[in-house]
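J.: Before I ask anything, here is the structure I am working with.
The values are calculated or read from the model by the stated rules, or taken from the named source; none is laboratory data. Here the structure is a predicted model, which means the values were calculated and not measured. Neighbour counts run over all protein chains shown; Cβ positions are idealised from the backbone, glycine included.
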Amino acid sequence: MLLRRAAALTDEVLFAAPATRLPGRAEAFYYRLLRRRLSGVPLFYLTGTKEFWSIPLKVSPAALIPRPETETLVEKVLELASRDGECILDLGTGSGNIAIALAKELPRARIFGADISERALRLARENALRLKAGRIQFVRSDLFSAFRKTGLRFDFIVSNPPYVSRRDWLRLPAEIRNFEPRRALLAGESGLELISRLVRGARSFLEPGGHLIFEIGNGQRDAVLALFGSGWTEIETAWDLAGRPRVITARRSGR
């Protein structure tokens, strides 16, 4: 992957002519990439792209590298969506991976991607433009702050929020801790601080019968389920391909 990046080769060219000698500049670039990888820089920050939902996204240290387990969240939205022009809010959009995947699958949906980081929003906008993912509006917002006076109500609020506790943060591989954006991972002492705010605030921004769907970390399921009160129904858990509880779905009850 680093060789392809350094030489600007496609898979077809690389495998059709594996004995081709690299130009000197490409060879020097390749060894620079190797040295950076050996220093711990994540592979996909070096290649500059990461596939999510079969979509080639540009990635950078401005946002988390999309993970395969987050595709479980997209699957759950598609399972529940009517494909009748829903209004969807993606909180903590990062590189835009969730919003763009949903825009590709639900072309009639109106989608908002919100993030507190302007650097992340620039990356998300670039991805959406390059991938021709229409009907996404990116907004700078600390959770729901940008939507409080808009009157907007959503059919789906989706999120991959920060959920790493301070203790677990210290246990993360240096490759993650030293290079990926800390604010997108670390959520406070317990790891539930942002999730708690998300659950408390979401009901006011959902249409009656609308769904809140978000990712959780390992070992958090029971504590997260305890956050829901009487204003919620159909609270369910979805497991990722590794068999871990990964996504919580809840439906707003009442009018």
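J.: Which is of a type outside the set (D, E, K, R), in the same structural domain as E71 (by TED's automatic domain parsing), modelled with pLDDT of 95 or more and in contact with a Pro (Cβ under 8 Å, 6 or more places away or on another chain), of I213, I248, I195, I235? Before you say what the answer is, go through the steps one by one.
T.: Working: I213 fails: in contact with a Pro (Cβ under 8 Å, 6 or more places away or on another chain); I248 fails: in contact with a Pro (Cβ under 8 Å, 6 or more places away or on another chain); I235 fails: in contact with a Pro (Cβ under 8 Å, 6 or more places away or on another chain).
Going through I213, I248, I195, I235 in turn, just one is of a type outside the set (D, E, K, R), in the same structural domain as E71 (by TED's automatic domain parsing), modelled with pLDDT of 95 or more and in contact with a Pro (Cβ under 8 Å, 6 or more places away or on another chain): I195.
J.: What single numbered condition from (1) in contact (Cβ under 8 Å) with a residue 60 or more places away in the chain; (2) within 28 Å of L106 (Cα to Cα) fails to hold for N178?
T.: The single condition N178 does not satisfy is (2).
J.: Against the conditions (1) farther than 22 Å from R197 by Cβ; (2) touching a residue at least 24 places away in the same chain (Cβ under 8 Å); (3) part of a loop (DSSP other than H, G, I, E, B), where does A128 fall short? Just the number, please.
T.: Failed condition: (3).
J.: Within the range 44-51, is even one residue at pLDDT 90 or above, part of a helix (DSSP H, G or I), farther than 30 Å from D142 by Cβ and not β-branched (V, I, T)? Spell out the reasoning first.
T.: Within the range 44-51, the subset at pLDDT 90 or above is 44-51.
So of that shortlist, the ones also part of a helix (DSSP H, G or I) come out as 44-47.
Among the residues that remain, those that are also farther than 30 Å from D142 by Cβ are: 46-47.
So of that shortlist, the ones also not β-branched (V, I, T) come out as 46.
Yes; the residues of the range 44-51 include at least one that is at pLDDT 90 or above, part of a helix (DSSP H, G or I), farther than 30 Å from D142 by Cβ and not β-branched (V, I, T).
J.: Can I ask one more? State whether the residues of the range 78-90 include one that is in a strand (DSSP E or B), surrounded by fewer than 20 Cβ atoms within 10 Å (Cβ to Cβ) and out of contact with any Gly (no Cβ under 6 Å at 6 or more places or on another chain). Please lay out each step first, then the result.
T.: Taking the range 78-90 and keeping what is in a strand (DSSP E or B), we get 87-90.
After this cut, where a residue has to be surrounded by fewer than 20 Cβ atoms within 10 Å (Cβ to Cβ) as well, the list is 87.
Next, from what is left, pick out any that are out of contact with any Gly (no Cβ under 6 Å at 6 or more places or on another chain): 87.
Yes, some residue in the range 78-90 is in a strand (DSSP E or B), surrounded by fewer than 20 Cβ atoms within 10 Å (Cβ to Cβ) and out of contact with any Gly (no Cβ under 6 Å at 6 or more places or on another chain).
J.: Test R203 against the stated conditions and say whether it is surrounded by fewer than 20 Cβ atoms within 10 Å (Cβ to Cβ), out of contact with any Pro (no Cβ under 8 Å at 6 or more places or on another chain), more than 22 Å from A101 (Cα to Cα) and free of Cβ contacts under 8 Å to residues at least 12 places away in the same chain.
T.: Values: surrounded by fewer than 20 Cβ atoms within 10 Å (Cβ to Cβ): yes; out of contact with any Pro (no Cβ under 8 Å at 6 or more places or on another chain): yes; more than 22 Å from A101 (Cα to Cα): yes; free of Cβ contacts under 8 Å to residues at least 12 places away in the same chain: no.
So R203 fails the test.
J.: Using the structure shown, decide if S230 is surrounded by fewer than 15 Cβ atoms within 10 Å (Cβ to Cβ) and either out of contact with any strand residue (DSSP E or B) (no Cβ under 9 Å at 6 or more places or on another chain) or not acidic (D, E) (or both). So that I can check it myself, show each step before the final result.
T.: On the way: surrounded by fewer than 15 Cβ atoms within 10 Å (Cβ to Cβ): yes; either out of contact with any strand residue (DSSP E or B) (no Cβ under 9 Å at 6 or more places or on another chain) or not acidic (D, E) (or both): yes.
So S230 fits the description; yes.
J.: Let me confirm something: among D115, D168, which residue is surrounded by fewer than 22 Cβ atoms within 10 Å (Cβ to Cβ) and in contact (Cβ under 8 Å) with a residue 24 or more places away in the chain?
T.: Numbers: D115 fails: surrounded by fewer than 22 Cβ atoms within 10 Å (Cβ to Cβ).
The unique qualifying residue is D168.
J.: Answer yes if at least one residue in the range 3-11 is free of Cβ contacts under 8 Å to residues at least 12 places away in the same chain, assigned to a loop (DSSP other than H, G, I, E, B) and not aromatic (F, W, Y), and no otherwise.
T.: Within the range 3-11, one or more residues are free of Cβ contacts under 8 Å to residues at least 12 places away in the same chain, assigned to a loop (DSSP other than H, G, I, E, B) and not aromatic (F, W, Y).
J.: Just to verify a result, which residue in the range 12-43, among those that are in a loop (DSSP other than H, G, I, E, B) and free of Cβ contacts under 8 Å to residues at least 24 places away in the same chain, is surrounded by the most Cβ atoms within 10 Å (Cβ to Cβ)? Reasoning before the result, please.
T.: As a first pass, look at the range 12-43 and keep what is in a loop (DSSP other than H, G, I, E, B): 17-23, 39-42.
Those still in the list that are free of Cβ contacts under 8 Å to residues at least 24 places away in the same chain too: 17-23, 39.
Numbers: A17: 9, P18: 7, A19: 4, T20: 11, R21: 7, L22: 14, P23: 11, S39: 11.
Going through the qualifying residues, I end up with L22.
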